[in-house]
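The values are calculated or read from the model by the stated rules, or taken from the named source; none is laboratory data. Here the structure is a predicted model, which means the values were calculated and not measured. Quick reminder, even Gly has a Cβ in these numbers, built from the backbone with ideal geometry, and neighbours come from all protein chains shown.
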Amino acid sequence: MPASNREWCCLRFRRELGPAFRGCSEQESLLRSKPSGDRRVGGGSEVTSLRTARMMRRDIEDLLGDVSADFGGACSARKAHVLAWLIKHARMRASCDIGVYRGRSFLPQAWAHREFTGGVVYGIDPYSHVAAEQHDNLRLRGEFERWAAATDFDKLYEEVLQACRDHGLEQNAEMLRMTSRVVRSSSNGRFTSDWFTSTGTMTPKKWCTT
């Protein structure tokens with residue numbers, strides 16, 4: 001990503017979502033301390049009860065229980081929890097997950113939309129061997145090639161769709177089986193230019209507000 005776009009993204013991030021991250025950090029500290037009573041923790045203008053925080057963590061961990069992490073990609077339960085918190089706190093009606101793979105960051109966003117905003121997460125991933133090729137890290141190129149050759153991308157795509165059905169997330173998750181560049185050129189205004197960098201890739205990588 002060009003430096004100018006990186007700077008723009010950082011400024012937009014600090015302005016719009018900085019308070020949410022501070023609130024999430026406070027929430028994490030409260031969860032670790034395991035306090036008693038009805039103590040509450042908030043970030044920005046929103047206050048979230050400890051009971052809700054624990055529910056979020058429990059449900060997201062359950063959601064990811066059957067979704068494996070491997071060489072092709074992963075999202076920790078803590079990261080997934082942060083994504084869900086951001087969607088809830090910022091009241092996002094739409095978010096984007098580029099590079100869905102097995103869905104470890106995609107499914108928690110859909111869950112957060114279902115539980116808190118009624119919005120939708122758009123998962124963008126072409127699920128193809130050609131798109132999975134990597135050329136910017138020669139040291140790992142061999143491993144990438146072996147991983148891509150052994151991966152059934154059609155099966156992965158169907159598994160993510162099935163996971164959405166199994167967890168009742170169909171109304172809050174939409175898969176776009178194409179590259180972000182194709183999404184930009186074929187969306188007919190569905191995604192505004194703010195969602196993209198000048199190179200055609202969408203940004204930020206894992207979520208964006210509309």
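Of note:
- First in the range 178-190 and within 22 Å of residue 154 (Cα to Cα), second anywhere and at pLDDT below 65 and among the small types (Gly, Ala, Ser), Cβ under 8 Å, 6 or more apart: 180/200; 181/200
- For the range 91-120, a tally of residues being in a loop (DSSP other than H, G, I, E, B) and touching a Gly at 6+ places or on another chain (Cβ under 9 Å) returns 10.
- Residues satisfying the stated conditions in the range 134-160, i.e. in a helix (DSSP H, G or I) and either in contact with a Ser or Thr (Cβ under 7 Å, 6 or more places away or on another chain) or in contact (Cβ under 8 Å) with a residue 40 or more places away in the chain (or both): 143, 147, 153, 156, 159, 160
- Taking the criterion of being buried (at least 21 other Cβ atoms within 10 Å of the Cβ) and either at pLDDT 95 or above or under 19 Å from residue 161 (Cα atoms) (or both), the residues of the range 81-101 that qualify are 95, 96, 97, 98, 100, 101.
- Any hit, the range 114-133, residues being basic (Lys, Arg) and touching a Ser or Thr at 6+ places or on another chain (Cβ under 8 Å): no
- Taken as a whole, the range 41-57 holds at least one residue that is at pLDDT below 80, touching a Pro at 6+ places or on another chain (Cβ under 6 Å), buried (at least 18 other Cβ atoms within 10 Å of the Cβ) and not in a loop (DSSP other than H, G, I, E, B).
- Filtered by the rule that a residue be of a type in the set (A, V, I, L, M, F, W, C) and within 21 Å of the chain's Cα centre (by Cα), the range 123-157 gives 124, 131, 132, 153, 156.
- Among the residues of the range 102-114, some residue qualifies, meaning at least one is in contact (Cβ under 8 Å) with a residue 12 or more places away in the chain and more than 27 Å from residue 181 (Cα to Cα).
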